[in-house]
Amino acid sequence: MRTQSGRPALVLVAALMAAAGLAACTPNSGPAPSPSASTTAGPPSSSPTGSPSPDTETTSPAPSPSAAPLPSGPGQGNAELAIMIKPSETAAPTNYTLVCQNGVPAAESQHPNAAAACIAIKNNPSILSPVIGKVQACTQQYGGPQTATVTGVVDGRQVQVTFSMKDGCEIAAWNAAKDVLGSSGGAS
């Protein structure tokens, strides 16, 4: 295999080393870990409540805050929300804080009509998790450049939703949540 110059053997050795290096970097190159295998280096630590500490690594991803939509129909009426309304892309936003306890606004609420917003959330918390999918037919009407973002917790569930006026479905979702948004945004 070795010639007078030694090059073919050197090339072969370099190629084998490169292949071995690539094999070590390729995902799934070894046996897959069993589903019961732990990814922690030591014994799992847990809090007094029995849940893993924030430093414990797990094998499953955390659920998305929007993974479970809020239930339709009456809710508990408990909410802590930050609401941001932007009249246009370049306009300064208006911010509200809404805190509801059993459908009644708390003193720290800074919302133009906190009572109506809390009642709307208690009557139907799902207004803050509108389902606007790609399979839904929406009218191609434009309601304006307004956007609204609502983040926080409603009845113990994370909420992070953005409203706009870009088509008929978005306008309908905005109108359904207008008491919570504190503004009709120009939509009728």
Next item on the list: Starting from region 153-179, keep only residues that are more than 16 Å from I85 (Cβ to Cβ) and touching a residue at least 24 places away in the same chain (Cβ under 8 Å), then list their pairs with residues that are of a type in the set (D, E) and open to solvent by less than 20 Å² (accessible area, probe 1.4 Å) whose Cβ atoms are within a distance under 8 Å, requiring at least 6 positions of separation or different chains.
Entry: none
Margin query: Can you tell me which residue is least open to solvent (accessible area, probe 1.4 Å) among those in region 135-151 that are touching a helix residue (DSSP H, G or I) at 6+ places or on another chain (Cβ under 9 Å) and farther than 20 Å from T90 by Cα?
Written below: C138
Note to self: Out of the residues in region 115-134 meeting the condition of being assigned to a loop (DSSP other than H, G, I, E, B) and among the hydrophobic types (A, V, I, L, M, F, W, C), tell me which one is most open to solvent (accessible area, probe 1.4 Å).
What the structure shows: V131
Next item on the list: Starting from residues that are among the hydroxyl-bearing types (S, T, Y) and more than 16 Å from V159 (Cβ to Cβ), keep the ones in region 75-100 and report whichever is most open to solvent (accessible area, probe 1.4 Å).
Entry: T90
Next item on the list: Could you check G103 against (1) open to solvent by 70 Å² or more (accessible area, probe 1.4 Å); (2) at pLDDT 90 or above; (3) of a type outside the set (F, W, Y) and say which number it fails?
Entry: (1)
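The values are calculated or read from the model by the stated rules, or taken from the named source; none is laboratory data. Every value quoted in this text rests on a predicted model; they were computed, and no experiment measured them. Reconstructed Cβ throughout: ideal geometry from the backbone, glycine too, with neighbour counts over all protein chains shown. Areas reflect the complete protein model, heavy atoms only, side chains present, ligands, DNA and RNA absent. Shrake-Rupley method; radii C 1.70, N 1.55, O 1.52, S 1.80 Å.
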